[in-house]
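This report concerns only the one structure given below.
The values are calculated or read from the model by the stated rules, or taken from the named source; none is laboratory data. Just so we're clear, the structure is a prediction, and the values are computed from it rather than from any experiment. Please note: Cβ atoms are built from the backbone with ideal geometry, for glycine as well, and neighbour counts cover all protein chains shown.
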Amino acid sequence: MCSKSNKSTGLVECGRVGRAVALKGECQVIWASGSCPVSKGEHLLLSRDGKSEFEKFAVVGLRTQGSFSIVRFDGISDRNSAKTLNGSLIFIEEERLPQLGKGEYYSYQILGMKVVTEEGIEVGEIVRIFTAGENDVYEILPDGAKRGSEIMVPAISEVIRNIDIAKKVMTIRPMEGMLDQG
């Protein structure tokens, strides 16, 4: 799962550089999906300001440890150089993402999606995705509502009836009481 897409650049945000590790220029990388989307020898694009000015770095060292990796980038050979990358957002070209199976989606495809019921009633917009137990949960902010009034929708087939990536619309069949505010 990658978190954000920029259609104008064709890039998808897939992680963030964390702290420097050890002395040889390695960095902790936290992946948006919880799993590493690249292999040693491939490249990633980093943005230090999170908006533009992408720098291309080859991955020359890679060790995965759960939801993060320890990465060494070409040209980053000491701890001080690694510290300069802390907080940089990591991007990958959308076409390099692995193909997903039917009914599987990257989070950037779901975030920002409008949610409607099978009856056509507008529910709101997906603002966050998190995992609870064995399922993802979509946090939906109702149209015109303030933070704190979000609706939690489990990503299960009984509730999620259709996802239209092209139209950015998710159709749901709410469980009893799911949409009750108050």
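Could you check the range 169-178 and list, in sequence order, the residues that are assigned to a loop (DSSP other than H, G, I, E, B) and touching a Lys or Arg at 6+ places or on another chain (Cβ under 6 Å)?
R173
Just name the residue that is modelled with the lowest pLDDT out of those in the range 14-29 that are among the small types (G, A, S) and within 20 Å of S107 (Cβ to Cβ).
Taking the candidates together, the pick is G15.
Does the range 150-157 contain any residue that is surrounded by 13 or more Cβ atoms within 10 Å (Cβ to Cβ) and part of a loop (DSSP other than H, G, I, E, B)?
The answer is yes, given that some residue of the range 150-157 is surrounded by 13 or more Cβ atoms within 10 Å (Cβ to Cβ) and part of a loop (DSSP other than H, G, I, E, B).
From I76, I92, which residue is assigned to a loop (DSSP other than H, G, I, E, B), in the same structural domain as G15 (by TED's automatic domain parsing) and either within 27 Å of E55 (Cβ to Cβ) or in contact with an Asp or Glu (Cβ under 9 Å, 6 or more places away or on another chain) (or both)? First the steps, then the outcome.
Details: I92 fails: assigned to a loop (DSSP other than H, G, I, E, B).
Step by step, each of I76, I92 is checked, and only I76 is assigned to a loop (DSSP other than H, G, I, E, B), in the same structural domain as G15 (by TED's automatic domain parsing) and either within 27 Å of E55 (Cβ to Cβ) or in contact with an Asp or Glu (Cβ under 9 Å, 6 or more places away or on another chain) (or both).
Of the conditions (1) within 30 Å of K40 (Cβ to Cβ); (2) under 16 Å from the mean Cα position of the chain (by Cα); (3) not assigned by TED's automatic domain parsing to the domain that holds G10, G112 clears all except one; give me its number.
(1)
Okay, residues lined up against (1) closer than 29 Å to G15 by Cα; (2) touching a strand residue (DSSP E or B) at 6+ places or on another chain (Cβ under 7 Å); (3) modelled with pLDDT of 90 or more:
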| position | (1), (2), (3) |
| --- | --- |
| E104 | yes, no, no |
| Y108 | yes, yes, no |
| M113 | yes, yes, yes |
| T117 | no, yes, yes |
| V123 | no, yes, yes |
| I126 | yes, yes, yes |
| V137 | yes, yes, yes |
| I140 | yes, yes, yes |
| R173 | no, yes, yes |
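Could you tell me which residue of the range 116-144 is surrounded by the most Cβ atoms within 10 Å (Cβ to Cβ), considering only residues that are of a type outside the set (D, E, K, R), at negative phi and in a loop (DSSP other than H, G, I, E, B)?
Looking at the filtered set, the residue picked out is P142.
Can you tell me which residue within the range 30-69, out of those that are among the hydroxyl-bearing types (S, T, Y) and at pLDDT 90 or above, is farthest from Q109 (Cα to Cα)? Working first, answer last.
Keep residues of the range 30-69 that are among the hydroxyl-bearing types (S, T, Y), which gives 33, 35, 39, 47, 52, 64, 67, 69.
Next, only the ones that are at pLDDT 90 or above stay: 47, 69.
Working: S47: 21, S69: 24 Å.
So, considering only residues that are among the hydroxyl-bearing types (S, T, Y) and at pLDDT 90 or above, the one farthest from Q109 (Cα to Cα) is S69.
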